[in-house]
Amino acid sequence: MLLGREAELHQLDDLVQRARGGISGVVVIPGEPGSGKTSLLEHFISSLAQDVTVLRGLGVESEAHLAYAGLTGLFRPIFEFVPELPAMQRSALGSALALEGSERGGDQLAVAAGGLALLAAAALRAPTIVVIDDVQWLEPSSLFAVLFAARRIANDRLCIVLAARADPGIDALLQGFPRMPLGGLNLDDAMQLLSTLKADISPNAVGALVEATGGNPLALIEAAQGLDQWQIAGVH
């Protein structure tokens, strides 16, 4: 269930429409754990028309030591365009992504330039939507390539959506991009969310939970599950 994110979905839809017209764009979605970043991205992706190419990436904390692990998964659907790249970029990117027949070698800049060219090639074929969740856990080599591309797209049919937990380190790297912070749910949305728990939680109790949690969806659910019968009824 996705509640209270109509404005954010509208902004993402607008980003896609602009990309269709050849105006590339980037948006960063910062948010605390449990704020609903992943749910928003899933809903957004499911709403996209079938004529677009969707490239999905995910930062994985346990893979933070594996060079280009994030880039490999992100680019897999468009590997077919690698042979179209200039020789140096093709070799560097092929090596980074462990593609068959690629020579070892290629520096980080060549890989990043190759990644940008690969995205541009995909966007020539169809509007391309890049969606990456948990950006804060992308290993440095993949993150460098993603941000290199994000800073240089302009007139491609391409947009990039980056979701990340609030963290000083990643916040500094993502400076300069438009941001779409996820605020907490309001009382009405919180009441609808908590109604799924099949507990008749009083409006007063929900209001207290919203105040205590800042409307964070996950925190609301966890806090509501810990209420006793008197707290559910709003009796203090």
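The values are calculated or read from the model by the stated rules, or taken from the named source; none is laboratory data. Note that the structure is predicted; figures quoted are calculated from it, not measured. Please note: Cβ atoms are built from the backbone with ideal geometry, for glycine as well, and neighbour counts cover all protein chains shown. These accessible areas exclude ligands, DNA and RNA; they are computed on the full protein's heavy atoms, side chains included. Shrake-Rupley method; radii C 1.70, N 1.55, O 1.52, S 1.80 Å.
A Förster radius of 41 Å, combined with the Cβ-Cβ distance separating Glu222 from Met88, puts the computed FRET efficiency at roughly 0.20. Dipole check for the chain: with +1 at the C-beta of Lys and Arg, -1 at the C-beta of Asp and Glu, and the Cα centre as origin, the magnitude is about 740 Debye. Note on Asp107 and Glu61: their simple-model spin labels are 3.4 nm apart, each label 7 Å out from Cα toward Cβ. Sites count as exposed loop sites when they are GluC sites (Glu not before Pro), lie in a DSSP loop, and have at most 14 other Cβ atoms within 10 angstrom; the longest stretch of the chain without one is 104-236. Note on surface exposure: Ser95, Ser62 rank Ser62, Ser95 by accessible area, highest first, 1.4 Å probe. Distance between the modelled labels on Leu124 and Gln192, one decimal in nanometres: 4.5 nm (7 Å Cα→Cβ projection).
Across the stretch 1-140, counting alpha-carbon atoms alone, Rg and Dmax equal 16.1, 50 Å. Working from the Cα coordinates of the chain, the gyration tensor eigenvalues give, after taking √(5λ), semi-axes of 40, 18, 14 Å in decreasing order.
Extension gain, Ser202-Ala7: 0.36 nm per intervening residue step, less the Cα-Cα distance, totals 67.5 nm.
Between the beta carbons of Ala166 and Leu48, assuming R0 = 22 Å, the FRET efficiency works out to 0.25 to the nearest 0.05. With a Förster radius of 25 Å applied to the beta-carbon distance between Thr38 and Gln17, the computed FRET efficiency rounds to 0.60.
Of the solvent-accessible surface of the chain, computed with a 1.4 Å probe and all protein chains present, 53% belongs to carbon and sulfur.
Using a probe of 1.4 angstrom and keeping all protein chains present, the accessible surface of the stretch 3-149 works out to 45 square angstrom per residue.
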